[in-house]
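A.B. asks: Supplied in structure tokens, the structure appears directly below.
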Amino acid sequence: MKRTFGLGGLVSMGMLLSCSQMLIWAQPSLPSDERTNGKEVRAAFSEQCAAIQKCSAVIYDGWRNFNYGIVVSEDGYILVKASELEQRTDLAVRIGETKYTEVKVVATDPHWDVALLKVDADGVSPVVWAESSDLPQGSWVVANGASSRSLRRVNVGIISAESREVKGRAPAVIGVTFKPDKDSLEIHVVSPDTGAEKAGLKAGDIIKKFGGDEVTTRDSLIDRIRDFMAGEKVPIEFERDGELLKADVELMPRDKAYKERKSRNDQMSGDYSKRRDSFPRVLQTDIPFSARTIGGPLLNLDGECVGMNIARANRAESFAIPAKELREVLKKLMKTAR
Amino acid sequence: MRLLGKLTVCMWIATLAASSAAERLYVNDKKVPESREDLMAIQTSLQKHLAEARQATVCIKMGQGSGTGVIVSETGLVLTAAHVISGVQKDMKVIMEDGTEYEAKSLGLNSENDAGMLKILSDEKFPFINYEAKSDDGRPATRVGDWVFALGHSGGFDKERGSVVRLGRLIKVAETTVHSDCVLIGGDSGGPLFDMSGELVAIHSRVGRRLAQNMHVPLQVFHAYWEMLEKGEFIGDGPFAKKPKPGTGFMGLAVKDVDGGLEVTQVEPDYPAADAGIEVGDVLTSLNAMPLKSKEDLRARMKKFAEGDRVLLEFSRDGKVKSVGFNLVKR
């Protein structure tokens, strides 16, 4: 029996299970090749597919490809989704048909969740930037789908909602909660198996400095945390019994530190990106990505880049960083590199 | 309750293909789009109708739940899914694209195929989608393979984001359900599915595990039951809504027999009688315009009401006769 979900959030599961037995009237259904992302429809996007083939990079951990990237220079600089690099041990990159196994992570921007990679390439074709990334809603957009060793497929959709900021909590955490009644940084509970516990923090400690900066309120601390990625070790100072102590605390992805129950919408969403919120501005698309097909360029029908696919948010929503903001991020990251 | 006859539907599919061919997007009659020109034709049609479609698409809030609906008359008649309104005569809120909120009340629903209707309680004129299609028999032209777009408040209302549009094709067309690959999620329920002529063709209902499994209630189901829905009838026996059982309606009052009626001895806080302003000491004289003879009489008559039913209570306080109306709740 198929499982179905009601969409209004007002129906119980038992009822939904029983509604999948409805008879389907006998008009033949549309063959999968002819569906919106079917093989035969994708054939109409052959020009854009040729562009994707050149300007998207496939990112591997060993032999397994886990994301895409955007080729931004002839000598092998590539933009990727930063949080997807966490705990990858054997990075490799394929541009065109060539696989590069020497990969340097040059710089990262935790706010936008973008990292800059460098491989030793020469004469590869960088992405062509679109003049404007402000496409009207309903405009076709093209991105990476699945790929084989040498061929990238496209994954198509439209701009599906207003471009906007997507708020969220800090994506990385140290693993403590603070006393709920007052806005101080006095630790209430230290969560087990987190950076805070490993660094020896205890309930009652008061955090004074984070990453070298003084912090006094929760907001000021969260602001500083946003400058770091999960996996980084950050020096902190804290007060215990009137004494000032120092420690290095490792940041963890929020979902790993706190096991939160999945919402019903997440249950029906399958494979979404670990980090999917807290972006200063996004374009929204209805492209049916998986978490693995994120990271590559978002192209218009001219094959020009209007953004970078940054998160699979859920079944119905995918986010991209607009090209305008992405190019600013790239400039900053390049400065770090050179 | 009889479902729409199979024969009628077959005939409908056959006739409308011919009758409204002139309005059909030409790409619909190709197996797949073949060129950039074809792709642009789809994009242009969608964008042409998007603003109007979006204006008539509303978020429906009831308790903790949230769904979508589409306004189909200037007076604020809204089509949605039965499981969004979950019952007849229920109070809910409707939120327009710009964030303006209105009170609304559910009308009828068909619990067998997930069709529901509600009414915005306001005298204002609302932007709406004309559901009277232009083809001969008053129904939109849709066939398997037709390009369609879905609107909905995915995951609930978000003013900065707006309602979310998705493009897809009709994958299956059945008697009481159509399938598309417009990918839906919770909160989209009750939202509209449009064809490329901007005609309303179906209302979102539910999804399966796979991305291509998105089910909608075709508009002909609404047409088949239109009058009953408008009158506020609860049609069928599930699975998309459960009929309230008689005896489940509760006012939140305790009474004792006195001369001329029933004196209130206790008012349960936060229950409808308390919210309606009934106080200890009030003497109830009639229920729904029928005199109340005794405590036993009241008890017997309450057994016939279900949660959500509306009652009119007449009572005297300080020698003055007053009346209040309210909806019963579950105990």
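A.B. asks: For an R0 of 35 angstrom, estimate the FRET efficiency from the Cβ-Cβ distance between A:Asp75 and A:Lys208 and round to the nearest 0.05.
C.D. replies: Values: r = 44 Å, r/R0 = 1.27.
The computed FRET efficiency comes out at 0.20.
A.B. asks: For A:Lys54, go through the aspartates and glutamates and keep the ones whose alpha-carbon is under 20 Å away, minus same-chain ones fewer than eight residues off.
C.D. replies: A:Lys54 reaches A:Glu74, A:Asp75, A:Glu97, A:Glu102, A:Asp120, A:Asp122, A:Glu131, A:Asp302, A:Glu304.
A.B. asks: Let me ask something else. At most 16 other Cβ atoms within 10 Å and a DSSP loop assignment: could you name the chymotrypsin sites (Phe, Trp or Tyr not before Pro) in segment B:265-331 that fit? Don't skip to the answer; put the middle values down first.
C.D. replies: Working: sites: B:Phe305, B:Phe315, B:Phe326; in loops: B:Phe305.
In loop regions of segment B:265-331 (DSSP not H, G, I, E or B), there are no sparsely surrounded chymotrypsin sites (Phe, Trp or Tyr not before Pro).
A.B. asks: Counting only protein heavy atoms and using a 1.4 Å probe, what share of the accessible area of segment B:253-327 belongs to carbon plus sulfur, as a whole percent? Provide the component values of the computation, followed by the final result.
C.D. replies: Details: 2090 of 4340 Å².
Heavy-atom surface of segment B:253-327 belonging to carbon and sulfur, 1.4 Å probe: 48 percent.
A.B. asks: Count the net charge of all other residues whose Cβ sits under 14 Å from the Cβ of B:Lys242, scoring Lys and Arg as +1 and Asp and Glu as -1.
C.D. replies: Numbers: positive: B:Lys90, B:Lys243, B:Lys245, B:Lys330; negative: B:Glu112, B:Asp114, B:Asp237, B:Glu307.
Charge balance in the 14 Å sphere: 0.
A.B. asks: Starting from the Cα of B:Lys320, draw a straight line to each of the lysines and keep only those under 26 Å, dropping any in the same chain fewer than 8 residues away.
C.D. replies: Cross-link targets: B:Lys256, B:Lys293, B:Lys295.
A.B. asks: Rounded to the nearest 500 deg cm²/dmol, what is the calculated helix-only ellipticity per residue at 222 nm for chain B, with -39500 (n - 2.57) per DSSP H run of length n ≥ 4?
C.D. replies: On the way: 7 runs with 62 residues, N = 331.
Rounded to the nearest 500, the figure is -5500 deg cm²/dmol.
A.B. asks: If I fit a long axis through the Cα atoms of helix B:6-19 and take the longest principal axis of the Cα atoms of chain B, what angle between them do I get, 0 to 90°, rounded to 10?
C.D. replies: That works out to roughly 50 degrees.
A.B. asks: To continue, here is another question. Could you list the residues of segment A:66-94 with an amide nitrogen less than 16 Å from a label point located 7 Å from the Cα of A:Val128 in the Cα-to-C-beta direction?
C.D. replies: Under cut-off, by backbone N: A:71-74.
A.B. asks: Here's something else I'd like to know. Please identify the GluC sites (Glu not before Pro) of segment A:219-266 that satisfy two criteria: DSSP loop assignment and at most 10 other Cβ atoms within 10 Å. Which are they?
C.D. replies: Here the GluC sites (Glu not before Pro) that fit, given the DSSP loop and packing criteria, are A:Glu260.
A.B. asks: Pop the C-beta distance of B:Arg143 and B:Glu74 into the FRET formula with R0 = 25 Å and round what comes out to the nearest 0.05.
C.D. replies: On the way: r = 30 Å, r/R0 = 1.22.
E between B:Arg143 and B:Glu74, to the nearest 0.05, is 0.25.
A.B. asks: Suppose we compare each residue of segment A:299-316 in its chain alone and in the full protein complex with a 1.4 Å probe; which ones drop by at least 40 Å² of accessible area?
C.D. replies: In segment A:299-316, residues shielded by partner chains: A:Leu301, A:Arg315, A:Ala316.
A.B. asks: Dipole size in debye (nearest 20) for chain B around its Cα centre, Lys and Arg Cβ +1, Asp and Glu Cβ -1? Present the calculation step by step, with values, prior to reporting the outcome.
C.D. replies: Values: 42 positive and 45 negative charges, 197 e Å.
Dipole about the Cα centre, nearest 20: 940 debye.
A.B. asks: Using θ = phi - 60° and the Karplus form 6.51 cos²θ - 1.76 cosθ + 1.60, what ³J(HN,Hα) does each residue of segment A:88-100 get, whole Hz, x for Gly and Pro?
C.D. replies: For segment A:88-100, the Karplus-derived couplings read 8, 9, 9, 5, 9, 9, 10, 10, x, 10, 8, 9, 10 Hz, x marking Gly and Pro.
A.B. asks: Segment B:265-331 to segment A:75-125: how many Å between their Cα centroids?
C.D. replies: Cα centres, segment B:265-331 to segment A:75-125: 72 Å.
A.B. asks: OK, next. Put +1 on the Cβ of every Lys and Arg and -1 on every Asp and Glu Cβ in chain B; which of B:Pro239, B:Met96, B:Val32 then has its Cα farthest towards the positive end of the dipole?
C.D. replies: It is B:Pro239, whose Cα lies furthest towards the positive end.
A.B. asks: For the B and A pair, go ahead and give the buried accessible area with a 1.4 Å probe, both sides summed, in Å² to 100. Let's see the in-between values first.
C.D. replies: Numbers: alone 16460 and 18100 Å², together 29210 Å².
Summed over both sides, the interface buries about 5400 Å².
A.B. asks: Which values of log₁₀ I(q)/I(0), to two decimal places, follow from the Debye formula for segment B:6-235 at q = 0.09, 0.11, 0.17 Å⁻¹ with a uniform point scatterer at every Cα?
C.D. replies: Debye curve over Cα of segment B:6-235, log10 I(q)/I(0) at q = 0.09, 0.11, 0.17 Å⁻¹: -0.33, -0.49, -1.21.
A.B. asks: In addition: Which FRET efficiency value, to the nearest 0.05, is calculated for A:Arg338 and B:Asp237 with the Förster distance at 51 angstrom and r the Cβ-Cβ distance? Write down the numbers at each step before the final one.
C.D. replies: On the way: r = 71 Å, r/R0 = 1.40.
The computed FRET efficiency comes out at 0.10.
A.B. asks: Report the one residue of B:Gly191, B:Val321, B:Gly208 whose Cα lies farthest in the direction of the positive end of the charge dipole of segment B:188-331 (charges on C-beta: Lys and Arg +1, Asp and Glu -1; origin at the Cα centre).
C.D. replies: Projecting each Cα onto the dipole axis, the largest value belongs to B:Gly208.
A.B. asks: Could you tell me the center-to-center distance, by alpha carbons, between segment A:263-290 and segment A:295-320 in angstrom?
C.D. replies: 12 Å
A.B. asks: Give me the extension gain from B:Glu227 to B:Ala51: residue separation times 0.36 nm, minus the current Cα-Cα distance, reported in nm with one decimal. All intermediate terms of the calculation are to be shown ahead of the outcome.
C.D. replies: Working: separation 176, 0.36 × 176 = 63.36 nm, distance 2.93 nm.
The span from B:Glu227 to B:Ala51 would gain 60.4 nm if fully extended.
A.B. asks: Accessible area per residue, 1.4 Å probe, Å², for chain A: what's the number? If you can, show how the numbers build up before the last one.
C.D. replies: Values: 15320 Å² over 338 residues.
Per residue, chain A has 45 Å² of solvent-accessible surface.
A.B. asks: Considering every residue in A:161-167, what mean count of other chain Cβ atoms within 10 Å of its Cβ is obtained?
C.D. replies: Details: counts 9, 7, 2, 5, 1, 3, 1.
Averaged over the peptide's residues, the number is 4.
A.B. asks: Moving to a separate point now. Is the shape of chain A rounded, prolate or oblate, going by the alpha carbon gyration tensor and its root eigenvalues a ≥ b ≥ c, with a/c under 1.5 for rounded and a/b larger than b/c for prolate?
C.D. replies: In terms of gyration-tensor shape, oblate.
A.B. asks: Please go through the residue pairs A:Lys167/B:Lys243; A:Lys81/A:Lys262; B:Lys48/B:Lys242 and name each one whose alpha carbons sit more than 29 Å apart in this structure.
C.D. replies: Working: A:Lys167/B:Lys243 40 Å; A:Lys81/A:Lys262 23 Å; B:Lys48/B:Lys242 40 Å.
Over 29 Å apart, Cα to Cα: A:Lys167/B:Lys243; B:Lys48/B:Lys242.
A.B. asks: With a 1.4 Å probe and all protein chains left in place, how much accessible area per residue does segment B:6-235 have, in Å²? Walk me through the numbers before you get to the answer.
C.D. replies: Working: 7770 Å² over 230 residues.
Normalised by residue count, the accessible surface of segment B:6-235 is 34 Å².
The values are calculated or read from the model by the stated rules, or taken from the named source; none is laboratory data. This structure is a prediction, so every number in the text was calculated from the model and none was measured. Virtual Cβ from ideal backbone geometry, glycine too; neighbours counted across all protein chains shown. Only protein heavy atoms, including side chains, enter the accessible area calculation; ligands, DNA and RNA are left aside. Shrake-Rupley method; radii C 1.70, N 1.55, O 1.52, S 1.80 Å.
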